[in-house]
Amino acid sequence: MEKSCETCGHYTEDRHCKLASNICYPDQDWIPKDAPDLVNHPAHYEQSCSLECIQVMELVFGANAVRGFCLCNAFKYMWRYKNKNGLEDLKKAQWYMDYAKDYVPVGDPTYEFMGELLDQLMEKENDNRKCDS
């Protein structure tokens, strides 16, 4: 029995469509339902303990260092997304922005600027994908 993707209705028993910020792109390649999550929990960052690398970094280097690390990584993924992994890189940038959110003072201009930039890039990528279909 086929199931439907909550976003677009495209879904089969063993595969699902790629999603980006809750926007479905059914014209893209289908990926296995059990494919590793390369954005939120990449296997190469999980070891034999229950903590991920970024959580250990927080313990070792502190919240301020992790905040800077997250913002710099988000910037890196936004910078290279067109020339490397496209939408996946924008998703990774969003992940780092979301992680940094707990450590950024309210109204932080750098965080707000980067959030606005990421929103614009995601919207542009979405528009480009709609035009391609």
Query raised in the report: Taking the mean number of other Cβ atoms within 10 Å as a proxy for protection, how do you rank 78-84, 101-107 from highest to lowest?
Result: 78-84, 101-107
Query raised in the report: If the stretch 89-133 were replaced by its equivalent ellipsoid, with semi-axes equal to the square roots of 5 times the Cα gyration tensor eigenvalues, what would those be, largest first, whole Å?
Result: 25, 11, 5
**Report entry** Cα-based Lys pair tally, the stretch 60-132, threshold under 23 Å, eight or more apart or on separate chains
**Finding:** 18
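Coordinate-derived values only; no laboratory data. All of these numbers come straight from a predicted model, not from anything done at the bench. Cβ atoms come from the backbone with ideal geometry, glycine included; neighbour counts cover every protein chain shown.
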